[in-house]
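Report on one structure; see the data block that follows.
What follows is calculated from the coordinates using simple rules that are stated; it is not laboratory data. Predicted, not measured: the structure shown is a model, and the values here were computed from it. Because the Cβ atoms are built from the backbone with ideal geometry, glycine has one as well, and the counts that use them run over all protein chains shown.
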Amino acid sequence: MAKGYRIVFQSFDQDEPDVILTEQRLLEDILNIPTNCFDFSMGHTKQIELIQTVQNAVLNEKSKLIYQEKEQCPDCNKKLIKFGKQNSTFYDVFTDHNIKMQRLKCNHCGYETKSTVRTFLGTTLSCDLKKIQASLGANFTYRESEQILGLFSDSDRVINNHDGVKHITECVGNRVAEISEAEKEIITVEEAKELILTVDGGYINTIEDKRSMEALASVVYRPESLLSNHKGTRNYLDSKNCAASVNDDHQEQIISGTIIAALRQGLTANTHITALCDGAANCWRVVDALKPLCASMTCIVDWFHLAIKIENISLPDVLKTKLLRIKWHLWRGKVERALIRLEQLMELAKGEKHIERIKKFTQYINNNKERMVNYRERQKNGLVFTSNLAESTVESLINRRCKGQQHMRWSRDGLNPLLQLRAAINSKDDWSKKWRTAVLNTI
């Protein structure tokens, strides 16, 4: 006996479940003996076909309910009459749907009901599709996102083209920023005794007048959130909140976002903050904005950036060896001794370029000497002294998405919403709590 299967859609009366209102045969196929992993399941194309037919049936029934009880004109209270149906398109996660919506009109005053998906819902995309497009757009290039969506939908759908993904990503990113700002006054979490704050910057190629623009990113977390990972890999944070911005707004957005991130991690007037920066003045300005909001603050030049800065100074071998010895004075917090050694090193240097490099580094030390600590002692006592203990702030929030390919060029208006979205996705529970509101307010 040859077997087959049949999938049927029924609508029924909820008060009397046995009463079938409509019935529709959706899908039929044979049941064969599976021989490999290809024919064991329904198959990708058949699964998409099933989703398509089920959704068509559900949407058709739901569209009938929209004006089922609307008999009177809201303007003049006269009776509404039917005058045809309007074809309308709706895009869901895997499938596109053509829906016929009933049109109603008042012959007395001319009032007409909304008769398309867009006029009724304000959009033609499902919220789930917007969420997926925004999530992919935040983590992959827009063209890669288009390809991924096409792979899962088993077709190249117009709604998933890279320009559409870009539009949704930017809109959702802007809504996320607005929601975060609106929630700032009502955030309530358990008080944190101590918080770690890291602020860093990265340069992004731009399509605007300048060759590059700087994006700033910050991460706030509790010390106990830093957990050990497998040997040979970085530790990880099981709870953090992030902020990022590339706006040319005198740092208003990155400061506001960092404050919100700190509040979400438990910042109160009793909290001590340990702040790590690479030494740049714009990063310290973000840190300084939090000082009035906490009990006390320890500002530290991030050892990771300090060590990298020393490694990147190009000098002849003899001078480089002496510079690396100076590094260990800084490691022990002996900043004045390091400055004396740098002055001596400058006297030994002969080339103007080498003298200028040493002078520039000396100025950097002078600018940040109040924020340089005994790193060795902090390490021995298990205290934070570097951002390199966990994933790099700039790498995770900015570089991984925005500098993945050399040809990438950005505008501020296009990049900033993307950074807001990435910050939310990388923050504890932030994206899961905000995405519904964000996509509902996205056109």
(Q) Just to confirm the number: angle between the C-alpha axis of helix 252-264 and the first principal axis of the chain, 0 to 90 degrees, nearest 10? (A) 80 degrees
Q. Taking the chain as a Gaussian network, where each spring joins two C-alpha atoms under 10 Å apart, which residue of Thr206, Thr119, Thr141 fluctuates the most?
A. Thr119
(Q) Could you order the peptides 302-315, 24-37, 42-55, 247-260 from most to least packed, using the average number of other C-beta atoms within 10 Å per residue? (A) 247-260, 302-315, 42-55, 24-37
**Q.** In Hz, Karplus ³J(HN,Hα) per residue of the range 332-338 (6.51, -1.76, 1.60; θ = phi - 60°; x = Gly, Pro)
**A.** 8, x, 8, 5, 4, 5, 5
Q. To the nearest 10 degrees, how steeply does helix 162-183 sit against the main Cα axis of the chain, on a 0 to 90 scale?
A. 70 degrees
Q) Which aspartates and glutamates, on any chain, are close to Lys105 with Cα under 18 Å apart, when same-chain ones fewer than 8 places away are left out? A) Glu69, Glu71, Asp75
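Find the relative contact order for the range 300-383 and round it to a whole percent, using C-alpha pairs within less than 8 Å whose residues are 6+ positions apart. If you can, show how the numbers build up before the last one.
Details: 61 pairs, mean separation 33.5, N = 84.
It rounds to 40 percent for the range 300-383.
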(Q) Compute and list, largest first, the equivalent-ellipsoid semi-axes of the range 3-121 from the alpha carbon gyration tensor, each √(5λ) rounded to a whole angstrom. (A) 39, 17, 9
Q. Could you name the lysines in cross-link range of Lys131, using Cα to Cα under 20 Å and dropping any fewer than eight places away on the same chain?
A. Lys166, Lys428, Lys433, Lys434
Q) Taking N as the number of residues in the range 122-242, what value does Rg over Cα atoms divided by 2.2 N^0.38 Å take? A) 1.37
**Q.** Along principal axes, Cα extents of the range 251-326, largest first, whole Å
**A.** 50, 24, 17
Q. In the structure displayed, which of Lys193/Lys380; Lys240/Lys334; Lys114/Lys184 lie more than 28 Å apart, Cα to Cα?
A. Lys240/Lys334; Lys114/Lys184
(Q) Going by average Cβ density within 10 Å per residue, which order do the peptides 8-14, 354-360 take, highest to lowest? (A) 354-360, 8-14
Q | Longest to shortest principal axis, alpha-carbon extents of the range 307-386, angstrom | A | 42, 22, 17
(Q) Give me the Å³ per residue figure for the convex hull around the C-alpha atoms of the range 185-307. (A) 134 Å³
**Q.** Value at 222 nm in deg cm²/dmol, rounded to 500, when DSSP H runs of n ≥ 4 in the chain each add -39,500 (n - 2.57)
**A.** -13000 deg cm²/dmol
**Q.** Computed P(r) (all Cα pairs; the range 98-170; 10 Å bins; percent)
**A.** 19, 38, 21, 14, 8, 1
Q: Extending each Cα 7 Å along its Cβ direction at Leu227 and Ser41, get the distance between those two points in nm, one decimal.
A: 2.9 nm
Q.
For the range 3-121, what does the relative contact order come out to in percent, with C-alpha contacts under 8 Å and a separation of six or more?
A. 17 percent
Q | Tail fraction, Cα-Cα pairs, the chain, threshold 30 Å, whole percent | A | 60 percent
Q. Based on the inverse mean of 1/r over its pairs of different Cα atoms, what is the Kirkwood hydrodynamic radius of the range 256-408, in Å?
A. 17.3 Å
Q: Quick one: what are the phi-derived ³J(HN,Hα) couplings along the range 270-284, Karplus 6.51/-1.76/1.60 with θ = phi - 60°, whole Hz, x for glycine and proline?
A: 9, 8, 9, 10, 9, 10, 10, 9, 7, x, 6, 4, 5, 5, 5
**Q.** Extension gain (nm, one decimal) between Glu144 and Tyr111, 0.36 nm per residue minus Cα-Cα
**A.** 7.3 nm
Q.
For the chain, what does the relative contact order come out to in percent, with C-alpha contacts under 8 Å and a separation of six or more?
A. 15 percent
